[in-house]
Structures are given as C-alpha cells and as structure tokens.
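Only one structure is covered here, and it is reproduced in the block below.
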Amino acid sequence: MTSTRPYACKQFGMIFKKGFLFYAEFNTRLFFFLFVHKKDILLANDLDTLLPNYLVSRFLKKPLVYDSHELFTEIPELIGRSFVKRFWCFIEKITLPNIKHAYTVSPSIAAYYNERYQTHFKVVRNLPFANLEKKDTTRIDPKGRKILMYQGALNIGRGLELLLETMTHLDNHLLLIIGSGDVESELLEKSRKLQLEDKVRFWGRMQPEELQKITPKADLGFSLEEDLGLNYRFALPNKIFDYIQAEVPVIISNLPEMKALIQHYNFGEIITKRNPKDLAFQIESILLKDFKAPLKKAKKDLVWENEKQHLIAIFENLDS
C-alpha cells in the first residue's frame, strides 16, 4: 500500500467496525498475518494487539517486545463494563508474566505492572523531538486576547467541561480546543448553551506539523485529566511535553506523575481547585508570572533525542 511513512504498512479491510466482533476479527487476522510472514522481532502496541503477537512469539520462538501506551484495563471507557474489563484483565493475566521485554510511558504504570505480574517493565516516555525553531509570537486573535489552549483527545475525564465553565468567568481570553473525540458534540452543545461562541473555538484535529506552528502562539496550556481510575491517575500526557517544546506554561492536574514533573521543573502550576471561579482566578494569576527559564530547561531535557537511548537499550538486549 502507499504510505508517507518511511516503512511499509499493512491495513486490514475489516468486516466488523466496532465492538467484540471487531476485536475478535482483528486479532484473528493479525495472528495469521504474523504467523506466515517473515519476522525477527515482534512488537505489540497495547493490550488489544498483544495476544496474537504473544501466541506467534511462543509458537515460533521469536522475541517479543510489549509497548504499553497506557494502563489499558483502567481506561475510563471500561468504567461500568465489567465483562469487557474482565476479558482484558484475563488477557493480561495469561500473557504479561511471561513477557521478558516490556516498556510503558510512566514510572507509576511500570511499578503497577511489575508489582501485579512480577514483570520487568522499563520506562520510555513519549517525548517529542527537540524544536529548535524560535517561538512564533504572532497573535492569532485580532482582539489581542490571551490565548488559552487545550490540545488532545476530546474524551471523558479530560477536564474540558470545567474549562468551558471557567470561560464564563474570563473576559479577555480566548480558548482554543484542538482535537476530536467521543464527547466533541456534547462540548459543542455546552459551549452554545453557555454562549461562548466568541470565547471558545473548536479547531478540530490537526496534523502534528500544523499543530507545532499553532501551539507556540498560546499563552497557557492545560492538562486537566480527572482521577477516573488508575490509567488517568498514572498518566503522563503527551500534550504536556508538546507545550514545553513550544515554551508554553501549563496548568496540570494534581495527579502523581504530572505533579512530580512540574515540581521538578516548575514550568507551570498544579490546579488548586477544580471549580470554575477558582480556576479562572488561577489562570489570571499564572499569566502574570514568568516561566521562561524553567521552560527552557525542561525543553532541553525532555526530548526524544535523550529518551530514545532507553528504547535502544531494550532492543539491544533481547538475548539477555
């Protein structure tokens, strides 16, 4: 197939588009595809691809590396779906204790897996490449308002409803919401009900290259995940590192991994109270502060050029 990526890709034309039958079809087809095609190393991205990779690895004695992007069995989408959650927990239980080479995105998730399954997860954070371009300070709002930004998935538990309510208490600010997701239509409706048409803009999903040009124009970024299970509690969202590369200060949730990062680098603040009036006050306060020096320090350290050595070490030691 034609691809803009510097490597070959394979797409399956699926009969089922969602639900259990989708995953059953996908995993079955993936198993047979992996079984018959030449490979030296198998790499499974997240739990929903692990079982076929694990089985092929066992049958053909090929090394397997597991890349866990999140704590899959604790995602908010599984809240209230006990059967589905038990199914994925069962997949974890029969596979993870037998996997030698695995990594994930935060120390808390690695510690969780290592304690629960006696595994040996390493940490490889999903950091961006260094952005050495000068920050573009061209204003994108003709009214000259302060630019507030959320970028990422528009899903439950991201603090987006709180942000919209907060905008009713701010006058000289514009909120850009960049991304798409499950609650996008609900957020658009809420914005209309709150009469925020002039204060909030939904710009949809953008390609990374385009987003890198927009993010530096913001005055403040947000990562306000709620504590909806361990996956969010232990999260270290990519957007935080993107804000840092754009030299944009951040207000983040009071959750362990985010809190530790901001306490170490001081590139922004932890949200003090999760209610609209107090958050509005904190926003106005943080915009008066200077975070240039800590942002430059964090920007230099938190880049893929530094982090990739951890990933390389995993693949260089598959025989150990």
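Tabulated data
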item: Scan of region 80-98 for residues that are of a type in the set (A, V, I, L, M, F, W, C) and either farther than 20 Å from Leu21 by Cα or in contact with a Lys or Arg (Cβ under 8 Å, 6 or more places away or on another chain) (or both), ordered by number; result: Ile94, Leu96
item: Selected residue (criterion: farthest from Glu316 (Cα to Cα)) from residues of region 82-115 that are touching a helix residue (DSSP H, G or I) at 6+ places or on another chain (Cβ under 8 Å) and small (Gly, Ala, Ser); result: Ser108
item: Matching residues, region 212-242, being part of a helix (DSSP H, G or I) and crowded, with 18+ Cβ neighbours inside 10 Å; result: Gln212, Ile214, Thr215, Pro216, Lys217, Asn231, Tyr232, Arg233, Lys239, Ile240, Phe241, Asp242
item: Residues that are surrounded by fewer than 14 Cβ atoms within 10 Å (Cβ to Cβ), touching a helix residue (DSSP H, G or I) at 6+ places or on another chain (Cβ under 8 Å) and at pLDDT below 95, drawn from region 40-81; result: Asp46
item: Verdict on Leu127 being surrounded by 15 or more Cβ atoms within 10 Å (Cβ to Cβ), at pLDDT 95 or above and touching a helix residue (DSSP H, G or I) at 6+ places or on another chain (Cβ under 7 Å); result: no
item: Boolean, Tyr23 is assigned to a helix (DSSP H, G or I) and touching a residue at least 40 places away in the same chain (Cβ under 8 Å); result: no
item: Spans of helices (runs of 4 or more DSSP H) in region 106-207 with at least 3 residues within 30 Å of Asp67 (Cβ to Cβ) and touching a residue at least 40 places away in the same chain (Cβ under 8 Å); result: 107-117
item: Selection count where residues are within 15 Å of the chain's Cα centre (by Cα) and farther than 28 Å from Leu47 by Cα, scope region 244-264; result: 1
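Residue-by-condition table, conditions (1) surrounded by 15 or more Cβ atoms within 10 Å (Cβ to Cβ); (2) in a helix (DSSP H, G or I); (3) among the hydroxyl-bearing types (Ser, Thr, Tyr):
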site: Ile244; (1), (2), (3): yes, yes, no
site: Ile251; (1), (2), (3): yes, no, no
site: Met258; (1), (2), (3): yes, yes, no
site: Thr272; (1), (2), (3): no, no, yes
site: Ser285; (1), (2), (3): no, yes, yes
site: Leu295; (1), (2), (3): yes, yes, no
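Yes or no, residue by residue, for (1) under 21 Å from Val123 (Cβ atoms); (2) in contact with a Phe, Trp or Tyr (Cβ under 8 Å, 6 or more places away or on another chain):
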site	(1), (2)
Arg5	no, no
Tyr23	no, no
Phe26	no, yes
Arg29	no, yes
Ile41	yes, yes
Leu55	no, yes
Pro63	yes, no
Ser82	no, no
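The values are calculated or read from the model by the stated rules, or taken from the named source; none is laboratory data. Keep in mind it's a predicted model, so treat the numbers as computed, not measured. Counting neighbours? That spans all protein chains shown, and the Cβs are built from the backbone with ideal geometry, glycine included.
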